[in-house]
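Coordinate-derived values only; no laboratory data. Predicted model only: the values in this text are computed from it and were never measured. Backbone-built Cβ (ideal geometry, glycine too); neighbour counts: all protein chains shown.
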Amino acid sequence: MTDLAKRVPVAASNGNAMPFANPTRWTLDPTHSELHFRVKHLMIANVKGEFQKFEATVVSDGNDFRKAAVSVSIDAASIFTNQADRDAHLRSADFFDTENYPALTFQGTSFSRLDDENYRLTGVLTIKGISREVSLDVEFGGINKDPWGNEKAGFSISGQINRKDWGLNWNAALESGGVLVSEEVKISGEIQFVRQA
């Protein structure tokens with residue numbers, strides 16, 4: 001995924017906001033959804049983390065997700081890397097400044113189908129009050145019912161951004177050259193949605 005890194009207005013409108021013949025609302029199933037990231041540490045290995053609390057909705061035309069409207073809100077303080085001191089640093093003003101910016105948001109502007117399973121999701125990602133356009137690769141896993149009759153839709157998401165585009169600039173130089181933390185952040189998600197009545 002190429003980082004578009006384009007500055008856009010904070011109040012960018014969702015180009016997908018359009019009437020559907022059969023509008024269908026899908027909400028996140030948090031029990032079966034994960035949102036991860038990883039960055040290079042010391043220039044030699046990846047460190048992984050996740051956001052443990054987030055909400056998302058999709059409005060589609062029935063089971064047709066072409067041009068679907070996508071909206072996501074992430075609790076910035078829910079960041080977790082399995083190391084308390086590092087998590088506290090990530091919540092500080094050096095990174096997400098969660099006290100002043102409690103949420104990261106994504107508002108989709110385009111959801112286009114490439115083939116039966118693959119889509120390209122473009123939208124506005126806002127972090128610390130900075131909004132930029134990004135594109136993500138989305139694999140559609142399909143639709144199925146769970147044992148309790150709930151209809152679910154599954155997606156796998158992947159992409160990459162440059163954290164400095166959103167003012168996440170903190171770093172430390174290494175004696176051997178390079179920096180402690182890479183600017184590139186790889187994003188991945190395994191997401192399930194539940195069809196609403």
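Here is how the numbers come out for the structure above:
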item	result
Structure-based [θ]222 nm, the chain - -39500 (n - 2.57) summed over DSSP H runs of at least 4, per residue, nearest 500	-1000 deg cm²/dmol
Whole-Hz couplings from phi, Karplus 6.51/-1.76/1.60, listed for the stretch 63-72; x for Gly and Pro	8, 9, 8, 4, 6, 5, 8, 10, 9, 9
Segments 110-116, 48-54 sorted - mean Cβ within 10 Å per residue, highest first	48-54, 110-116
Residue-by-residue Karplus 3J(HN,Hα) for the stretch 81-90, coefficients 6.51, -1.76, 1.60, Hz, glycine and proline x	10, 6, 8, 4, 5, 5, 4, 5, 5, 5
HN-Hα J in Hz across the stretch 149-159 - Karplus 6.51, -1.76, 1.60, θ = phi - 60°, x for Gly and Pro	x, 7, 8, 10, 10, x, 9, 10, 10, 8, x
Cut-off 12 Å between beta-carbons: net charge of the residues surrounding D29, Lys and Arg +1, Asp and Glu -1	-3
Reduced Cα scattering model of the chain, Debye log10 I(q)/I(0), q = 0.09, 0.11, 0.14 Å⁻¹	-0.36, -0.53, -0.83
Gain in span if fully extended, S112 to Q83, counting 0.36 nm per residue against the direct Cα distance	6.7 nm
Under 5 Å, built H, 5+ apart or other chain: amide partners of I79	Q52
